[in-house]
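Before any comments, here is the structure.
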Amino acid sequence: MKVSYLNDEFFSRLETLSLNLRSNLSGYFGGKHLVRTYGQTVEFADFREYQLGDDIRRIDWNLFSRFEKYFLRLFTDERQMQIQLFLDCSGSMGKEDPQKGAYSVAATAALGFLAVQNMDKLSFHFMRGTADENPFGTIVGKNSFFRAIGAIEEIEFADDTDIAACIAGCRDTGSNNGLSVIISDFLTESNWQKAVDYLLYKNRQVLLIQILSPSELDPTYEGRVNLIDSEAADISDPRNMKLRITSGLRKAYERALGDLREGMHTFCSKRGVGYISVSSDTPIERVLFGELLKGGIMS
């Protein structure tokens, strides 16, 4: 049964939110994000003394009449940023769990909506195998965004994904001009840390959103079971196995999952990268209005 969160009510609840990006990003002219450089908006920022070569039209003559020195009026600068959303389309993200897949798509769509609402450039990147797919190119404006949404809902989750290879192969990563978001469960053997370091090398702001299902957070299996890896190529894949689930094995799994999440938190904190981990049964509004607001990603 297909699950979907995307409707008019879902997007209307996002109207009051905006992405909160670092002020030292350069970006492009014509957006809504305030940056540290001075520009040509109507919002006053500061004064400075006139220097040879400055535009004399910006001299404040009232100050000249008081101090007999030339001062320029400086105004804030607003820039358009490039928002990249990398969605892990591997089997573990939704092949056997439609709710987890729909939740991941909804989180991706919500961030995309906030990007176009802020007049930012947006691109959706679907990570499959070692390839990065960008079927819509650069999206600017809500009309282009909503044309893409229908196709996004039809995404199929299958096989496995090498996050580092996909992001390294992205042709339009850009540099110092916006936010890159990786949405995945990060239950992978691929070196996702390398992908984060690559984006930081490109001087991009980075956010990781880890989405896990309730059964991944608190498995209830007991006794003898056949575990089939959702990313396995066929039934003979060595990742498939027969196990006898005991209380000791469940506790070992809980420790391993806790170590993974704690390791991600530590890794991201050291690098100034945003990181949130959520369950797919958590109301998505709580993620957007709670976790991302608390983390300073939204305002």
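The values are calculated or read from the model by the stated rules, or taken from the named source; none is laboratory data. Since the structure is predicted, the reported quantities are computational estimates derived from the model, not experimental observations. Methodologically, a virtual Cβ is constructed for each residue, glycine included, from the backbone with ideal geometry; neighbour enumeration extends over all protein chains shown.
Just a few scattered comments:
- Scanning segment 109-134 for residues that are out of contact with any helix residue (DSSP H, G or I) (no Cβ under 7 Å at 6 or more places or on another chain) and of a type outside the set (D, E, K, R) turns up L111, L114, A115, Q117, N118, M119, S123, H125, F126, G129, N134.
- In segment 147-163, residue surrounded by the most Cβ atoms within 10 Å (Cβ to Cβ) [restricted to those that are on the phi < 0 side of the Ramachandran plot and assigned to a loop (DSSP other than H, G, I, E, B)]: F157
- Any pair with Cβ under 7 angstrom, 6 or more apart, that starts in segment 42-67 at a residue that is exposed (fewer than 11 other Cβ atoms within 10 Å of the Cβ) and ends at one that is at pLDDT below 75 and part of a helix (DSSP H, G or I): none
- Candidates S190, S144, filtered to the one that is small (G, A, S), free of Cβ contacts under 8 Å to residues at least 40 places away in the same chain and buried (at least 20 other Cβ atoms within 10 Å of the Cβ): S190
- Residue in segment 199-219 that is at pLDDT below 85, part of a loop (DSSP other than H, G, I, E, B) and either in the same structural domain as P135 (by TED's automatic domain parsing) or over 16 Å from the mean Cα position of the chain (by Cα) (or both) present: yes
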